[in-house]
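Some notes on the structure that comes next.
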Amino acid sequence: MQVTIAENYQALSKQAAEIVAAQIINKPTSVLGLATGVTPLGMYEELVSLHKAGLVSFKEVTTFNLDEFVGISPLHPGSYHQYMRHRLFDHVDINIPQAHLPNGAAPNLKQECREYEAKIRKAGGIDLQVLGIGRNGHIGFNEPHGKFEAFTNVVTLDSASREANARFFSTPHEVPRQAITMGIRTIMQARTILLLASGFEKAQVLAKALEGPVTPAVPASVLQLHSNVVVLADEAAAQIISKINTGQAAIDFG
Ligand code: PGA
């Protein structure tokens, strides 16, 4: 696991975008696993800038998002489909049929999960998976009570996850109770994983995930078992992790 501390959110976003862009430049047909939420917003902005500057093309890239809410249409403003449209897809040259998200409005959710997993396989697996980390330690929507072995599946959201997503809906009542998420196994099969963490509210859970025991009670801790993980944290999120593993022991967190 390689842990890098960025000075602030802006630097983190820039470094994350550069890692994604380098992946695409090295392999234009890359399969990317993408995340939503607040953390990657800056990364998407930077990627759009890199694209507009002619430095990176998404033409041959295939993407698979980690998750989507169940029971809302892909056109709902709170859906991750719309998030991805507004933050990335509408601003780059990606071939939209190659940009995949689970369909949370599918009539048969189990089948949708199986088909999503099969599409990832058919695309050759994920080269680079971008992840955020939930305050409860989740990755994708794999909540703390889950198991490590799941592939893409339907999950019930924790109250912490519903609260964190309430901003996308007009009333707390409207926040979906379920989601389709790539499973821990799906995520662990990615060849490279880029985990982003920003802000002090993630400091404790990041330390648990990186330095605590590997346990389904902290789903992100499973990443300790992956051979190719890059962790990018800003100083606020890195406040609790020991500096020994970061190669940045000299940073003064004052
Ligand atoms: P956030 O979500 O980036 O909005 O904090 C991260 C996550 O829940 O994975």
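The values are calculated or read from the model by the stated rules, or taken from the named source; none is laboratory data. Computed from a predicted structure; not experimentally measured. Quick reminder, even Gly has a Cβ in these numbers, built from the backbone with ideal geometry, and neighbours come from all protein chains shown. Note: accessible area is taken over every heavy atom of the protein model, side chains too, but ligands, DNA and RNA are not part of it. Shrake-Rupley method; radii C 1.70, N 1.55, O 1.52, S 1.80 Å.
Of note:
- Of all residues in the stretch 124-134, those satisfying the criterion of being more than 10 Å from the ligand (Cβ to nearest atom), surrounded by fewer than 24 Cβ atoms within 10 Å (Cβ to Cβ) and either free of Cβ contacts under 8 Å to residues at least 60 places away in the same chain or not in a strand (DSSP E or B) (or both) are G124, G125, D127.
- Near pairs, Cβ below 9 angstrom, 6+ apart or cross-chain, from the stretch 73-87 (closer than 16 Å to A166 by Cα and buried (at least 17 other Cβ atoms within 10 Å of the Cβ)) to any residue that is basic (K, R) and modelled with pLDDT under 95: G78/R167
- Any chance T181 is out of contact with any helix residue (DSSP H, G or I) (no Cβ under 7 Å at 6 or more places or on another chain), away from the ligand (no atom under 12 Å from the Cβ) and open to solvent by less than 50 Å² (accessible area, probe 1.4 Å): no
- Tally of residues being farther than 14 Å from V20 by Cβ, touching a residue at least 24 places away in the same chain (Cβ under 8 Å) and more than 16 Å from the ligand (Cβ to nearest atom) across the stretch 53-72: 5
- Within the stretch 216-254, tally of residues that are of a type in the set (S, T, N, Q), modelled with pLDDT of 95 or more and open to solvent by less than 40 Å² (accessible area, probe 1.4 Å): 1
- Only residues that are part of a helix (DSSP H, G or I) and touching a residue at least 40 places away in the same chain (Cβ under 8 Å) were counted in the stretch 193-203, giving 2.
- Considered as a group, the residues in the stretch 145-157 that are touching a Gly at 6+ places or on another chain (Cβ under 8 Å) and of a type outside the set (G, A, S) include one that is most open to solvent (accessible area, probe 1.4 Å), and that residue is E149.
- Boolean, G137 is assigned to a loop (DSSP other than H, G, I, E, B), in contact with a helix residue (DSSP H, G or I) (Cβ under 8 Å, 6 or more places away or on another chain) and closer than 24 Å to A106 by Cα: no
- Residues satisfying the criterion are present in the stretch 97-107 (criterion: open to solvent by 30 Å² or more (accessible area, probe 1.4 Å), out of contact with any Cys (no Cβ under 6 Å at 6 or more places or on another chain), assigned to a helix (DSSP H, G or I) and over 18 Å from F141 (Cα atoms)).
- Breaking point among (1) more than 16 Å from G134 (Cβ to Cβ); (2) in a loop (DSSP other than H, G, I, E, B), for P176: (1)
- Given (1) within 14 Å of the ligand (Cβ to nearest atom); (2) closer than 20 Å to F169 by Cα; (3) in contact with a strand residue (DSSP E or B) (Cβ under 6 Å, 6 or more places away or on another chain); (4) aliphatic (A, V, I, L, M), index of the condition V38 fails: (3)
- Among the residues making up the stretch 163-178, those that are at pLDDT below 95, surrounded by fewer than 16 Cβ atoms within 10 Å (Cβ to Cβ) and away from the ligand (no atom under 13 Å from the Cβ) are S170, T171, P172, H173, E174.
- Test: A190 is assigned to a loop (DSSP other than H, G, I, E, B), away from the ligand (no atom under 11 Å from the Cβ) and under 19 Å from L34 (Cα atoms): yes
- The residues listed here are A207, A160; of these, the one that is within 15 Å of the ligand (Cβ to nearest atom), part of a helix (DSSP H, G or I) and either of a type in the set (G, A, S) or open to solvent by 10 Å² or more (accessible area, probe 1.4 Å) (or both) is A160.
- When the criteria are applied in full, A106 meets the requirement of being closer than 21 Å to N153 by Cα and touching an Asp or Glu at 6+ places or on another chain (Cβ under 6 Å).
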